[in-house]
Amino acid sequence: MTMASHVQQGEIKEMKMKYSKEELDLIQQLDQYAANKKITYYKAIPQELYQEMKAMMRSVKFEGSLQEYFEYLGYIFNPVSKYPKSSTEITALLLQHYPSRSITNLENVDRNLYYIIQDKALQNMMDIPEYIHQLGFKFVFHSNIYPHSPSYYIGTSEKEYINRLNRLFPEGTIVIEELIEKNSWLFKNINYLRQIRSIQTIDEQLEFFGFKVLRRWNG
């Protein structure tokens, strides 16, 4: 057995003595999201795993901050800016998560970055996929569990959105830029809905709601 193998076995034995089985399982999961044991922003960890880690802290009665618990588990906490402002900063963070430039499941991979991009897209009066494409990335949709057909599922939230849209656009024709100007909250929620339903554009989502959709720049 080589010296390196002895060292590795020693490290594994030490970890088993220091951590509980549950913590070792947690470390194994965290390693998938922490290259070289470095954490730059803890909310980049998927929501379920993040909550699991907080529950583990309570379970073992760890006295300290979340950052200190990361360090106790063997991670180097080196935070970067939580709120990137420029497209260059956003692009750099996206490349950390998606070196292939194909983006999928961003909301679960980095929720903070997802909402920043959503706001940036809104400021530029475009959808998230359009904004991401402008940055040089491809937005990859998951397959939709709901049919794109007249039998398209409309739930309670959707009905409320339709009622609000009817009040804003009683003539039945929606100009996207006007929707953003009149009610950006409504635009955000409908845009979010169509993404979790894997609908390509907000125009298509609004058409499913029964509206005609126009954009100022293409008449």
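The values are calculated or read from the model by the stated rules, or taken from the named source; none is laboratory data. Bear in mind that the values here come from a model prediction, so they are computed numbers and not experimental data. Reconstructed Cβ throughout: ideal geometry from the backbone, glycine too, with neighbour counts over all protein chains shown. Remember, those area values only see protein heavy atoms, side chains included, never the ligands or the DNA or RNA. Shrake-Rupley method; radii C 1.70, N 1.55, O 1.52, S 1.80 Å.
Evaluate the stretch 142-152: report whether one residue or more is modelled with pLDDT under 85 and closer than 20 Å to P46 by Cα. Among the residues of the stretch 142-152, at least one is modelled with pLDDT under 85 and closer than 20 Å to P46 by Cα, which makes the answer yes. Applying a threshold of 9 Å to beta carbon distances and a minimum spacing of six or more residues, or different chains, the list of pairs starting in the stretch 115-142 at a residue that is of a type in the set (S, T, Y) and ending at one that is in a loop (DSSP other than H, G, I, E, B) reads Y131/N124. Among the residues of the stretch 104-123, the ones that are open to solvent by less than 30 Å² (accessible area, probe 1.4 Å), closer than 20 Å to Q200 by Cβ and touching a His at 6+ places or on another chain (Cβ under 8 Å) come to 1 in all.
Note on the stretch 181-201: residues that are open to solvent by less than 40 Å² (accessible area, probe 1.4 Å) and assigned to a loop (DSSP other than H, G, I, E, B) amount to 4.
Could you list all residues from the stretch 20-68 that are within 28 Å of I116 (Cα to Cα) and either among the polar types (S, T, N, Q) or over 24 Å from the mean Cα position of the chain (by Cα) (or both)? Answer for the stretch 20-68, where residues must be within 28 Å of I116 (Cα to Cα) and either among the polar types (S, T, N, Q) or over 24 Å from the mean Cα position of the chain (by Cα) (or both): Q29, Q32, N36, T40, Q47, Q51, S65, Q67, E68.
Residue-by-condition table, conditions (1) open to solvent by less than 50 Å² (accessible area, probe 1.4 Å); (2) at positive phi; (3) in a helix (DSSP H, G or I):
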position: K159; (1), (2), (3): no, no, yes
position: N166; (1), (2), (3): no, no, yes
position: L179; (1), (2), (3): yes, no, yes
position: V213; (1), (2), (3): yes, no, no
